[in-house]
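Computed from the coordinates by the stated procedures, all read-outs in this text should not be read as laboratory data. On a predicted model such as this, the values are computed, not experimentally measured, just so you know. Positions of Cβ are backbone-derived with ideal geometry, glycine not excepted, and every protein chain shown enters the neighbour counts.
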Amino acid sequence: MADETPPDAADVRTPANPLDEVLELLGELVRTALGPDADSRVAEGLSFIRRRLTGDYEVDLFGFDEELTERVLMPMVRPLYKYWFRVEVRGIENVPAEGAALLVANHSGTIPIDSLMTQIAVHDEHPARRHLRMLGADLAFRLPVIADLARKSGTTLACTEDTERLLDSGQLVGVWPEGFKGIGKPYTERYKLQRFGRGGFVSAAVRTGAPIVPCSIVGAEEIYPLIGNVEPLARLLGLPYVPVTPTFPWLGLLGLVPLPSKWIIQFGSPIPTDELGTAAADDPMLVFDLTDRVRETIQHTLYALLTERGSVFR
Amino acid sequence: MAGDGILLLSQAVRRAGRPALPLPSMASSVVGSWLRRANLASFSPEQTQFLTYGRGVDTTKMRTELGFTPKHTTAEAFDAFVQARCRDGLLDPRRIELIENAITGGVQMLTSMGRRREGGADG
């Protein structure tokens, strides 16, 4: 480092080849855009694209594609979670760090965005970064595009066989037992839990000895306030409902933007089922009682969270 | 009988190095018959249905009762088939890797040039 060296020494050393100049500039651009470790990041990204293009990746027997979920699907949903709904998560320590567990949550919001948010909440807030394996309605698997995305992001059909197989293999399974009765209820019925199916999810948990984690979601009810249903069209399309909200279909595609409600997701204390024994899964009274207990827990938590939240949007 | 691991149809197409074009199921039979008439394809609508209906095989009993363990995984067996029957697809994995290496090399060259320029300005 000689003091006398003129500042344009580099230019003197490599005399004007315009192509080199352009390449050097490009190099600097790449480095400023991607940071100092640009080389390795570009290589990493390209290798990901190559693996996708050549089919060099693995899916599990339910079609869950972990790499695609972590690197593409979740990053697409995350801004909605962080900045639009500003999801606040409570009681994440109630979700077991390992082993099977059945997460049971309330369902609302016209379109099941609440399941996506719960998936992100579990993965991002839990130290074990667990993947929530969700149980979906058969409609989800009849819709083009949606069906593929649901499978790849870890959803499978809500049936006993799949549920028990997932729990047996020690997965964290999420279920929204209200189904369409829950997401498709009118805005006036918000936060009133609907019927919890026939308690099939409780039987599955008892049979596999997996604890049940009640999960209460506040905020999803307000994203698309359902004020009407175009019944003839719904029947024609074979859908449970065709929603009418204050913005949809009046504003067209713009009406699909969800309202930015403030969300709270609370995970409650797990209810153990391993002491009940496998036979208890076939005892209708016990299953009914346990289903009711889970439902009541979620309902009471919802009311408590609502009084605490105050305003819908803040 | 089945090997270990699941292979999706889309994944199989990619591993064979062929481009894929998703079609609605109703259109696929029409397009399929055009392709057959033009002698570009030789699969029947039944085969298409068979392939697009996913299935998995529970191999627990094969292992525990029959005591049989397959030597190859599903992916390995499929890759061997591809090697033997239909190499040189448009998106052949080796071709993709060549492209990847070319771009990585190019970027490395660019960033090292940018670095040299910065280094020069410091000195």
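For the pair the stretch B:65-103 / the stretch A:274-310, the C-alpha centres are spaced 49 Å from each other.
Considering only Cα atoms, the convex hull volume of the stretch A:239-314 works out to 165 Å³ per residue. Counting neighbouring beta carbons within 10 Å and listing from fewest to most, the residues A:S216, B:S25 come out as B:S25, A:S216. Under the convention that each Lys and Arg Cβ holds +1 and each Asp and Glu Cβ holds -1, the size of the dipole of chain A around its Cα centre is about 1520 debye. Taking the number of Cβ atoms within 10 Å of each Cβ as an exposure proxy, the fewest-first ranking of A:L256, A:L19, A:L103, A:L73 is A:L19, A:L256, A:L73, A:L103. Placing +1 on the Cβ of every Lys and Arg and -1 on the Cβ of every Asp and Glu, with nothing else charged, gives the stretch A:159-226 a dipole about its Cα centre of roughly 260 debye. A cut-off under 11 angstrom between Cβ atoms defines the neighbours of B:D58, and their net charge, with Lys, Arg +1 and Asp, Glu -1, is +3. Lys/Arg Cβ at +1, Asp/Glu Cβ at -1, dipole of the protein assembly as shown taken about the Cα centre: which of A:L132, A:M76, A:P225 is farthest positive-ward? Checked the options; the winner is A:P225.
Of all the Cα-Cα pairs you can form in the stretch A:52-185, what percent are over 23 Å apart? Cα-Cα pairs in the stretch A:52-185 separated by more than 23 Å: 30 percent. In terms of other Cβ atoms within 10 Å, A:K82, A:K152, A:K181 run from fewest to most in the order A:K82, A:K181, A:K152.
Over the Cα atoms of the stretch B:1-88, each weighted equally, I'd like the Debye log10 I(q)/I(0) at q = 0.10 Å⁻¹, rounded to two decimals. These q points yield log10 I(q)/I(0) values of -0.35. What's the angle, to the nearest 10 degrees (0 to 90), between helix B:25-37's Cα axis and the longest principal axis of chain B? Result, in degrees: 90.
Can you give me the angle between helix A:38-53 and the longest principal axis of chain A, using Cα atoms only, in degrees from 0 to 90, rounded to the nearest 10? Helix A:38-53 sits at roughly 50 degrees to that axis. Shielding value for A:24-33 is 6, the average number of Cβ atoms from other chains within 10 Å of each residue's Cβ. Could you point to the residue in B:L7, B:T69, B:F81 farthest towards the positive end of the stretch B:1-88's charge dipole, with +1 and -1 charges on the Cβ of Lys/Arg and Asp/Glu respectively? Farthest towards the positive pole: B:F81. Taken along the Cα-to-beta-carbon direction at a fixed 7 Å, the label points for A:A234 and A:S269 span 3.9 nm.
Here the stretch B:1-88 is assigned +1 on the Cβ of each Lys and Arg and -1 on the Cβ of each Asp and Glu. Its dipole about the Cα centre then comes out at about 240 debye.
Take the Cα coordinates of the stretch A:186-314, assign each an equal point scatterer, and use the Debye formula without solvent to give log10 I(q)/I(0) at q = 0.13, 0.14 Å⁻¹. Cα-only, vacuum Debye calculation for the stretch A:186-314: -0.72, -0.80. For the protein assembly as shown, the C-alpha radius of gyration sits at 1.23 times the compact-globule guess of 2.2 N^0.38 Å, with N the residue count.
Between the residues A:T273, A:G184, A:L116, the greatest Cα displacement towards the positive end of the dipole of chain A, with unit charges on the Cβ of Lys, Arg, Asp and Glu, is found for A:G184. Restricting the chymotrypsin sites (Phe, Trp or Tyr not before Pro) of the stretch A:190-296 to loop positions (DSSP other than H, G, I, E, B) with no more than 10 neighbouring Cβ atoms within 10 Å leaves A:W250. Hydrodynamic estimate: the Kirkwood radius of the stretch B:53-107 over Cα pairs, inserted into Stokes-Einstein at 25 °C and 0.890 mPa s, corresponds to D of 167 µm²/s. Relative to the longest principal axis of the Cα atoms of chain A, helix A:284-309 runs at roughly 50 degrees.
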